[in-house]
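Below is one structure, written out as structure tokens, with a few remarks after it.
Here, each number is a calculation from the coordinates, and none is a lab measurement. This one's a predicted model, so the numbers in the text were calculated from it and none came from an experiment. Cβ placement follows ideal geometry from the backbone for every residue including glycine, while neighbour counts extend to all protein chains displayed.
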Amino acid sequence: MSTASPAMDRPPSPEPAAPAAAVPPPAAAPGGKGGGRLRALDGLRLIAALMVAAYHYGGRDGEITKAWGSSPRTQFPTAHEWFAYGPLGVQIFFVISGFVICMSGWGRPLRSFFASRVSRLMPSYWAAIVLVTLVFALPPVAYAAVSPSDAVLNLTMLQQPLGADRVLGVCWTLWAELRFYALFALCVVLPGATRRRVVLFCATWTFAAVLADASGEPFLTLLLMPEYAPFFVGGIGLYLVHRDRRSVLAWGIVAVGWAVGQHYAVARLWHKPNPEYFSYREPLIIIAIVTAGFAAVAAIAAGFLNRVNWRWLTVAGALTYPFYLVHEHLGWVVIGALHRKAGLPSSVTLVLTIAAMLTLARLLNRYVEKRATPALRTALLRSAGDRRDVPQRTP
């Protein structure tokens, strides 16, 4: 049995379980033309992560019902209806990803872009794979682990296309991120990022993704991700806005991304009212949340939130990726211990579980990411013969 919740896969029923994701940011998020770090973007990233956590802990049935001892509908009679909108955090994450990956890849050679992405993604990912595997192997923990072979394969981040069981149910979103990175690297970073090339990439990907969806061709759908492409493209358009907020073309890319994206969000998450489903999501609320996500990134891109520059937001942004990796499955364990065994109320258990996962994320950030990320990046750059981006030791 996989540790991945069945609800994380694309189901055939009209009640699709929505994804959860966190977008790992670049090591720094500078402004487009030498500005400071966009700390408001870090804060938005954490808000999206908490939306996802609310969904996983109280917005659906599945393994979380086993953790609570009953359905989250019983644990949160009113709040569960709002927690069910939590999957829309993934759309916000993909918009942010389009923004930061375009920013990270602009003016950077392919080898440096590759080293940056690998060193940012892998250390916490490897640590989370090992940690969840070890915890699920403990006798008191009643969740089955994946096979040893699949656990090893999970370390490559290629388990999704190979059809293996996943150690982390949420890691399928990293597979979407990897495909986006590959497309952007080949079409923009490799030939050299320019405004014209980025605009052409956005237009071509949007049109090709729509054609792939209309054709029903599995390979094209896999490659071009029509369901998620408009969010990545919208984020790229918002980075162009960040560079020149008077650009009508950039705003047009954002508008098309939003229009197509909200269509897919409604199609994915809405269904006709049915009492047999966990919850019912209003189409207008889905559209409103997608719109709010685009609007928040747009406000940051246009400089309207430059005053939101509190230093603690940088820490919040740094916690998002490791929190995303560990919160779902280890959250099941914590919820079971606090609620079923210790008898704490549902609301207290929810708050303490999120706090515990944020604390664990802080430890991963401090003792894994801050040490392994620069070391791995340096090793990759040196092996590629590129010393320009390798940090130099001072005497």
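Binning the C-alpha pair distances of region 30-383 at 20 Å intervals from 0 yields a P(r) profile of 28, 61, 12, 0 %, listed from the shortest bin outward. A convex hull fitted to the Cα coordinates of region 171-315 yields 163 cubic angstrom per residue. Spacing of the modelled spin labels on Thr74 and Tyr280, each 7 Å from Cα toward Cβ, amounts to 2.3 nm. Under a point-charge model restricted to the Cβ atoms of Lys and Arg (+1) and Asp and Glu (-1), what is the dipole moment magnitude of region 221-336 relative to its Cα centre, in debye to the nearest 20? Here the size comes out at about 420 debye. The residue list Val100, Gln262, Ile287 was ranked by how far each Cα lies along the charge dipole of the chain toward its positive end, using unit charges on Cβ atoms, and Val100 comes out on top.
Debye calculation, C-alpha points only, no solvent: report log10 I(q)/I(0) for region 256-310 at q = 0.25 Å⁻¹, in the same order as the q values. The computed values of log10 I(q)/I(0) come out as -0.94.
Think of each Lys and Arg Cβ as +1 and each Asp and Glu Cβ as -1; about the Cα centre, that makes the dipole of region 30-383 roughly 1500 debye. With viscosity set to 1.002 mPa s and temperature to 20 °C, compute the Stokes-Einstein D of region 117-201, Rh being the Kirkwood radius across alpha carbon pairs; µm²/s, no decimals. Rounded, D is 146 µm²/s. Values of log10 I(q)/I(0) for region 216-277 across q = 0.22, 0.25, 0.27 Å⁻¹ run -0.86, -0.96, -1.02, by the Debye formula with one identical scatterer at each alpha carbon and no solvent.
Relative contact order, whole percent, for the chain stands at 27, derived from Cα pairs under 8 Å and 6 or more residues apart. A full extension of the chain between Arg366 and Leu223 corresponds to an added length of 48.0 nm, given 0.36 nm per residue minus the alpha carbon distance.
Rounded to two decimals, the Cα radius of gyration of region 239-395 over 2.2 N^0.38 Å is 1.45. Mean silhouette area of region 70-228, derived from the convex hull of its C-alpha atoms and averaged over all directions, reads 12.2 nm². Taking a ≥ b ≥ c as the square roots of the eigenvalues of the alpha carbon gyration tensor, region 261-354 is oblate, as a/c is not under 1.5 and a/b does not beat b/c.
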